[in-house]
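Data first, discussion second: the structure below is written as structure tokens.
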Amino acid sequence: MEIRQLYKGLSVCGQLTAEDISEVKALGFKLVICNRPDGEEASQCDCGTIGQAVQAAGMEYLYLPVSPGTSAHDTIQAFGDALKQPGPVLAYCRTGNRCSILWAQSQMGKLPTQTIVESVNALGFQI
């Protein structure tokens, strides 16, 4: 599990497993957001299992799946709203890219475009 800070109070990572959750909790995260739909790969841990582990550890869990190449206004809005909760927040998908793009979309008009682009590009993702 490679967790990378995207912006103040928000980090992203690739696919989590239920076994990762104790470390996520130890790192101080308060909310875990899943942006990966179930069933993309046969080996991925399903969101229900991870959600149960997150909640059992005393953190909040939010399931906002985004299929590659698509995003919906409601999902973008919900992601941005979730960032208003006390953090820090960890969002995950297959690699962290979708989470980063979703964050960028949720911050348009709130942060300078250059800040958004630089934050995402610093993690090796392109928008």
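Under 5 Å between amide hydrogens, which residues at least 5 positions from Y61 or on another chain qualify, with H placed 1.01 Å from N in the peptide plane?
V32
Just to be sure I understand: of the beta bridges DSSP finds with both ends in the chain, what percent are antiparallel, rounded to 5?
So the antiparallel bridges in the chain amount to around 20 percent.
Classify the stretch 78-118 as rounded, prolate or oblate, taking a ≥ b ≥ c as the square roots of the eigenvalues of its Cα gyration tensor: rounded when a/c is under 1.5, otherwise prolate if a/b is larger than b/c and oblate if not.
oblate
Using packing as a proxy for protection, rank 99-107, 114-122 so that the peptide with the highest average count of other Cβ atoms within 10 Å comes first.
99-107, 114-122
With a cut-off of 8 Å between alpha carbons and a minimum separation of six or more residues, what is the relative contact order of the chain in percent?
33
Can you list the equivalent-ellipsoid semi-axes of the chain, largest first and in whole Å, using the square root of 5 times each Cα gyration tensor eigenvalue?
After scaling each eigenvalue by five and taking roots: 22, 16, 13 Å.
May I ask you to compute the full-extension gain from E40 to H73, defined as 0.36 nm times their residue separation minus their alpha-carbon distance, rounded to one decimal in nm?
Taking E40 through H73 to full extension adds about 9.7 nm, to one decimal.
With the crude spin-label approximation of a point 7 Å out along Cα→Cβ, what separation in nm comes out for Q114 versus R94?
For Q114 paired with R94, the spin-label model returns 3.4 nm.
Could you work out the helix-only [θ] at 222 nm for the chain, with each DSSP H run of four or more residues adding -39,500 (n - 2.57) and the total divided by the number of residues, to the nearest 500 deg cm²/dmol?
Counting only the DSSP helices, I get -10500 deg cm²/dmol.
Could you calculate the FRET efficiency of Y63 with T17 from 1/(1 + (r/R0)^6), where r is the beta carbon distance between them and R0 is 25 Å, rounded to 0.05?
Rounded to the nearest 0.05, the efficiency is 0.95.
Read-outs throughout are calculated quantities, based only on the coordinates presented, and are distinct from any laboratory measurement. Just so it is clear, the structure is predicted and the values come from calculations on it, not from any experiment. No Cβ is skipped: glycine too gets one built from the backbone with ideal geometry, and neighbour counts run over all protein chains shown.
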